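Trainee: Below is one structure. I have some questions about it.
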Amino acid sequence: MKRNRLIKATALAASASIALAFASCGAIDSTPAGTSETQTETEAAETTSATAATTTNESYETTEETESTQKPVITEGDITINGEIDSSADSEHAVEVSGETEEYSNVKISKTGDSDSGDEADFYGDNAAVFATDGATLTLTNVVVSTDGTHANGVFSYGEGTTVNISDSVITTDGNCSGGLMTTGGGTMNASNLNIHTTGNSSAAIRSDRGGGTVNVTGGQYVTDGRGSPAVYSTADITVSDAVLQSTVSEGIVVEGRNSVTLNNVTLIADNNQKNSDKSSVYKAVMIYQSMSGDAKEGRASFTMTGGSITNANGDVFYVNNTVTTIVLEDVEIINQDQDGVFLRAEAAGWGSEGSNGGKVDLYLTNQTLEGDIAVDDISYLNMYLTSGTTYEGAINADNEGTIYVEIGKGSKWTLTGDSYITSLTCDADAIDLNGHTLYINGVAYTQGSAQTGEAVEFPVSSSGHGGNSDGEPGEPPDGGGGSHGEHGDPPPKP
């Protein structure tokens, strides 16, 4: 059955509220393990971002400057509105499509009201403005979606076989725990040329939760102003291409558990300047971790970026904790405006079991020009591969704590900016410029101009099952696309 609705309609009632075990809000830097994700329901409701009003205009000005060579960002004024759909009742939807094929275009969809169950909202779409489920196919073109309420996500795709296609549209959310695009339970979200702006806490522009799914985003601008609100929060397989992602308070990208983010020709701008808890003292642009909340299955995470740029205003560029991950960078411009921040930090923090909750990283750099130190603590591990003319300037493991292997391919080079300590090295004779510093390999000083042959680090597998491949061997770089792993955290059964 296919329908095209352009008239004002009343909201559809949502499913009855269900008592669940967690209180998820899709943010990071969480309360102690065992609560969901990263911020309690009470805290989220009471701490609307104080910076939103003062940063919104500034954030858009910054984004417009960086996007001069990209397609102009669509605005509400660009969309002809022929009808309106609204809902003001708690736990209801303005648009709900269940098991059918429907299309909406040139409508304004407004949602106020709250959800009294964070899990119903975060896992199952309660109180979302637009909700698709039960294998539905929903197409949205030239729509304006706005929400103002707690747990009021903009557009939500839930469940295996459910697909939402949205293009040339604007989404704004003003409440806490209110993402722009939300995907859970194995749903699919395909988005093109959107302008999304969220101002609440725990309100990622592109967001997923238990059960994950597949999210494909092309073009547009995605800006967040709230605490615990990265531009992208992934417990799914999320691919973004030819877009601008900007966070003015939080991390730019967060990947949790056995999930992935793939960026193609993306401009990422992050200014993480507020914390949600004391689990980590580090500010960062990209965070890869496992919260142990149950919202994402444990195992190897993936972050892949080709082309584009990362601009980090505060702290570190990459931060890895309590998980194993593959990071692949190819021809990415990386600008860290914080001279005290490092390029990559792998360390223990407040998530996971003490003694086994470090970061375990396979880092692949292809055709990269990179500056910045790398810090690896005493329970963390790194395999670092420089290929295809990559040049790296920095110090690795200056504190002499972690376990690290470096492999430098033909035509690539590492120039030291400080004394460095690694466990093993593979390189040609001309691959390293000591630059007046000392490189120690397993405690022995490296001699300038000597070739080396070493072995990659095997990551130990923790008793909880996270921390590497089942055999502990280093991982291979992904073969493109950040494809579906089928290993997201499963949502509880829905009655």
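Trainee: Given the condition in contact (Cβ under 8 Å) with a residue 60 or more places away in the chain, surrounded by 20 or more Cβ atoms within 10 Å (Cβ to Cβ) and in contact with a Gly (Cβ under 8 Å, 6 or more places away or on another chain), answer yes or no: does some residue in region 360-374 qualify?
Mentor: Yes, region 360-374 contains at least one residue that is in contact (Cβ under 8 Å) with a residue 60 or more places away in the chain, surrounded by 20 or more Cβ atoms within 10 Å (Cβ to Cβ) and in contact with a Gly (Cβ under 8 Å, 6 or more places away or on another chain).
Trainee: With GLU407, GLU455, GLU393 as the choices, which residue is at pLDDT 65 or above, surrounded by fewer than 14 Cβ atoms within 10 Å (Cβ to Cβ) and touching a strand residue (DSSP E or B) at 6+ places or on another chain (Cβ under 6 Å)?
Mentor: Answer to the check: GLU455.
Trainee: So which residues in region 272-302 are crowded, with 23+ Cβ neighbours inside 10 Å and of a type outside the set (A, V, I, L, M)?
Mentor: Scanning region 272-302 gives ASN272, ASN276, LYS284, TYR289, GLN290, SER291, SER293, ASP295, ARG300, SER302.
Trainee: Among (1) in contact with a His (Cβ under 7 Å, 6 or more places away or on another chain); (2) at positive phi; (3) not charged (D, E, K, R), where does GLY135 come up short?
Mentor: (1)
Trainee: Go through region 410-424 and give me each residue that's closer than 17 Å to TYR446 by Cα and either in a loop (DSSP other than H, G, I, E, B) or at pLDDT below 95 (or both).
Mentor: Hits for region 410-424 are LEU416, THR417, GLY418, ASP419, THR423.
Trainee: Has region 278-286 got any residue that is among the charged types (D, E, K, R), assigned to a strand (DSSP E or B), touching a Phe, Trp or Tyr at 6+ places or on another chain (Cβ under 6 Å) and under 17 Å from LEU329 (Cβ atoms)?
Mentor: Scanning region 278-286 turns up at least one residue that is among the charged types (D, E, K, R), assigned to a strand (DSSP E or B), touching a Phe, Trp or Tyr at 6+ places or on another chain (Cβ under 6 Å) and under 17 Å from LEU329 (Cβ atoms).
Trainee: Please indicate, with yes or no, whether at least one residue in region 174-183 is surrounded by fewer than 24 Cβ atoms within 10 Å (Cβ to Cβ) and assigned to a strand (DSSP E or B).
Mentor: The answer is no, given that none of the residues of region 174-183 is surrounded by fewer than 24 Cβ atoms within 10 Å (Cβ to Cβ) and assigned to a strand (DSSP E or B).
Trainee: Does region 208-221 contain any residue that is in a strand (DSSP E or B), touching a residue at least 40 places away in the same chain (Cβ under 8 Å) and of a type in the set (A, V, I, L, M, F, W, C)?
Mentor: no
Trainee: Moving to a separate point now. So how many residues does region 105-130 have that are crowded, with 24+ Cβ neighbours inside 10 Å, among the hydroxyl-bearing types (Ser, Thr, Tyr) and either in contact with a strand residue (DSSP E or B) (Cβ under 9 Å, 6 or more places away or on another chain) or not assigned by TED's automatic domain parsing to the domain that holds SER202 (or both)?
Mentor: Qualifying residue count, region 105-130: 1.
Trainee: Go through GLU354, GLU371, GLU330 for me and flag whichever is among the charged types (D, E, K, R) and more than 24 Å from THR415 (Cα to Cα).
Mentor: Going through GLU354, GLU371, GLU330 in turn, the sole match is GLU354.
Trainee: Next question. Given region 304-385, what strands (runs of 3 or more DSSP E) lie entirely inside it while holding 2 or more residues that are out of contact with any Leu (no Cβ under 9 Å at 6 or more places or on another chain)?
Mentor: Result: 323-330, 333-336, 369-371.
Trainee: Condition check: surrounded by fewer than 18 Cβ atoms within 10 Å (Cβ to Cβ), touching a Phe, Trp or Tyr at 6+ places or on another chain (Cβ under 9 Å), in a loop (DSSP other than H, G, I, E, B) and among the acidic types (Asp, Glu). Does ASP399 satisfy that?
Mentor: yes
Trainee: Can you confirm whether region 332-354 contains a residue that is hydrophobic (A, V, I, L, M, F, W, C), more than 19 Å from the chain's Cα centre (by Cα) and farther than 17 Å from LEU370 by Cβ?
Mentor: Yes: one or more hits.
Trainee: Could I ask something else about it? Within region 219-264, how many residues turn out to be more than 21 Å from GLU298 (Cα to Cα) and among the polar types (S, T, N, Q)?
Mentor: Total satisfying the criteria: 9.
Trainee: Given the options SER146, SER157, SER167, name the one that is among the small types (Gly, Ala, Ser), assigned by TED's automatic domain parsing to the domain that holds GLU76 and buried (at least 22 other Cβ atoms within 10 Å of the Cβ).
Mentor: SER157
Trainee: I would also like to ask the following. Restricting attention to region 74-104, report how many residues are surrounded by 21 or more Cβ atoms within 10 Å (Cβ to Cβ) and not in a loop (DSSP other than H, G, I, E, B).
Mentor: Total meeting the criteria: 8.
Trainee: Let me ask you something else. Picking from GLY350, GLY307, GLY315, which residue would you name as being at pLDDT 95 or above, surrounded by fewer than 24 Cβ atoms within 10 Å (Cβ to Cβ) and either under 20 Å from SER281 (Cα atoms) or hydrophobic (A, V, I, L, M, F, W, C) (or both)?
Mentor: The conditions single out GLY315.
The values are calculated or read from the model by the stated rules, or taken from the named source; none is laboratory data. Since we're looking at a predicted model, the values are computed, not measured. Counting neighbours? That spans all protein chains shown, and the Cβs are built from the backbone with ideal geometry, glycine included.
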